[in-house]
Structures are given as structure tokens and as C-alpha cells.
Amino acid sequence: MRVVVDTDRCVGHGLCEAAAPEVFEVGDGGFVTVDDAAAATAAETALRTAVNGCPSAALRFAD
Ligand code: SF4
């Protein structure tokens with residue numbers, strides 16, 4: 001699965017990183033980056049927890 005981040009919404013809570021640390025990483029700038037290769041093989045449950053749990057609604061699944 002592929003996940004994209006809206007950097008205008010992301011405020012660096014890090015909840016996504018906690019849910020799937022192999023996929024999401026909050027950088028020094030306070031924005032999250034997504035490892036596309038890791039997302040492709042990550043457990044769907046962890047990805048859904050991250051996407052649905054983002055308080056800023058900054059994550060969404062992409063085709
Ligand atoms: S949980 Fe949402 S706002 Fe927080 S770092 Fe992740 S994408 Fe950004």
C-alpha cells in the first residue's frame with residue numbers, strides 16, 4: 001500500500017511513527033517522511049492505524 005503525507009497538515013505528532021516506525025519518520029524539520037518501499041511491505045493493520053490515527057488528518061492512502 002502507498003501512503004502520502006500532506007505536509008501542510010503534518011505538525012509532527014509522531015503518532016504515525018509510533019504505529020509503524022519502519023514506514024514513518026519525523027525529521028528534524030518536524031514533518032514526517034514516508035518510506036515507500038517499507039510501506040509496500042508493511043502490515044496493513046499498522047498502516048491503517050497510522051493513517052486513521054493522525055490527529056491532523058495528514059495521511060491518506062494513494063492508489
Ligand atoms: S501523526 Fe500525522 S501530524 Fe503527526 S507526524 Fe504523523 S502525519 Fe504528521
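Considering the stretch 7-20 alone, what residues qualify as being more than 8 Å from the ligand (Cβ to nearest atom) and assigned to a loop (DSSP other than H, G, I, E, B)?
Matches in the stretch 7-20: THR7, ASP8, ALA20.
What number of residues in the stretch 17-35 are surrounded by 14 or more Cβ atoms within 10 Å (Cβ to Cβ) and touching a strand residue (DSSP E or B) at 6+ places or on another chain (Cβ under 8 Å)?
The total comes to 10.
Restricting attention to the stretch 36-61, report how many residues are within 13 Å of ARG2 (Cβ to Cβ) and loosely packed, with under 14 Cβ neighbours inside 10 Å.
Matching residues across the stretch 36-61 total 7.
Quick one: what pairs do we get from the stretch 39-50, first residue closer than 13 Å to PHE24 by Cα, second part of a helix (DSSP H, G or I), C-beta under 6 Å, 6+ apart or different chains?
Sorted first by the residue in the stretch 39-50, then by its partner, the pairs are ALA46/ALA19; THR49/ALA19; ALA50/CYS16; ALA50/ALA19.
Going by the conditions given, is ALA50 more than 13 Å from the ligand (Cβ to nearest atom) and small (Gly, Ala, Ser)?
Taking the combined requirement at face value, the residue does not satisfy it.
Among (1) away from the ligand (no atom under 11 Å from the Cβ); (2) in contact with a Ser or Thr (Cβ under 9 Å, 6 or more places away or on another chain), where does ASP35 come up short?
Every listed condition holds for ASP35 apart from (2).
Each value in this text was obtained by applying a stated rule to the coordinates, not by laboratory testing. The shown structure was predicted, so the numbers you read here are calculated from the model rather than taken from an experiment. Counting neighbours? That spans all protein chains shown, and the Cβs are built from the backbone with ideal geometry, glycine included.
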